[in-house]
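Presented below is the structure to which this report refers.
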Amino acid sequence: MFTPKRFEMGFYKNLNLGADEDMRMSIRGRIDRIDTCETKDKVYVKVMDYKSGHKKFDVVSFYYGLQLQLVVYMEQALEKVKKEHKNKAVVPAAMLYYAVSDPIVKGQKLSEEELQTMLQKELTMRGLVNYENDICTMLDSDLKHVSVSSDVIAVSTDKNGEFKKGSEICSTEEFEKMSSFVNRKMQ
């Protein structure tokens, strides 16, 4: 189970952009929340960025350098957790946007249960989730069942337990590739 470990964690990163000492850039930021889930030999890391509106991770915007923030946050969170857990593998679990707005649900004469279901769907966290090593079920235990759409993360499974098209998932290797891409893009 994931537990909150850090709130408003600031970071500062220096980038060398070339051989010349004058070719340097520094970035700084503040990660809203970092959660971890620790096992015997691994620590899984989830990064959350609070947003006042609904935001979705867009791969095209990411590619063009317009949406690098979550990946930079994940990279910095992993670095911090690796320093604290030197004898364990540190694995990216999820990087998510969380809408902190008070959602409005439109509908006529909804039951309390229908209203709660619709509100939960409005509050589903968006971003990317690592689909390896049962990480999705660590984030939402309902995903242990087949033919489920999570109300917590943007992930759904079919009758065979496979992830449905549109699920916001990627592998550990893809997280690592995105991190490398971000560093090249910033340079």
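The values are calculated or read from the model by the stated rules, or taken from the named source; none is laboratory data. What you see is a predicted model; the values in this text were computed from it and never measured. Cβ sites come from the backbone with ideal geometry, for glycine too, and all protein chains shown count toward neighbours. Side chains are part of the model used for accessible areas, which takes the heavy atoms of the whole protein and leaves out ligands, DNA and RNA. Shrake-Rupley method; radii C 1.70, N 1.55, O 1.52, S 1.80 Å.
Figures for the structure shown
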| read-out | value |
| --- | --- |
| Extreme residue, positive dipole direction of the chain, given options Thr124, Val146, Gly29 (C-beta unit charges) | Gly29 |
| Share of carbon and sulfur in the accessible heavy-atom surface of the chain [1.4 Å probe, %] | 47 |
| Rounded FRET efficiency, nearest 0.05, which uses the C-beta distance separating Lys109 from Asn183 and R0 of 45 Å | 0.25 |
| Whole-number percent relative contact order across the chain, with pairs defined as alpha carbons under 8 Å at least 6 apart | 17 |
| Estimated [θ] at 222 nm from DSSP helical runs (n ≥ 4, -39500 (n - 2.57)) normalised by residues in the chain, nearest 500 | -8500 deg cm²/dmol |
| Accessible area per residue in Å² at 1.4 Å probe, computed on the range 1-69 | 65 |
| Fraction of beta bridges assigned by DSSP in the chain that are antiparallel (%, nearest 5) | 65 |
| Neighbourhood charge, 14 Å Cβ-Cβ cut-off, centred on Gly65 and excluding it, Lys, Arg +1 and Asp, Glu -1 | +1 |
| Burial ranking of peptide ranges 146-159, 128-141, 48-61 (average Cβ count within 10 Å, highest at the top) | 128-141, 146-159, 48-61 |
| Derived scalar couplings ³J(HN,Hα) [the range 87-93; Karplus, 6.51 cos²θ - 1.76 cosθ + 1.60; whole Hz; x for Gly, Pro] | 9, 10, 6, 10, 10, x, 9 |
| The range 1-80, relative contact order in percent, only Cα pairs under 8 angstrom and at least six apart counted | 25 |
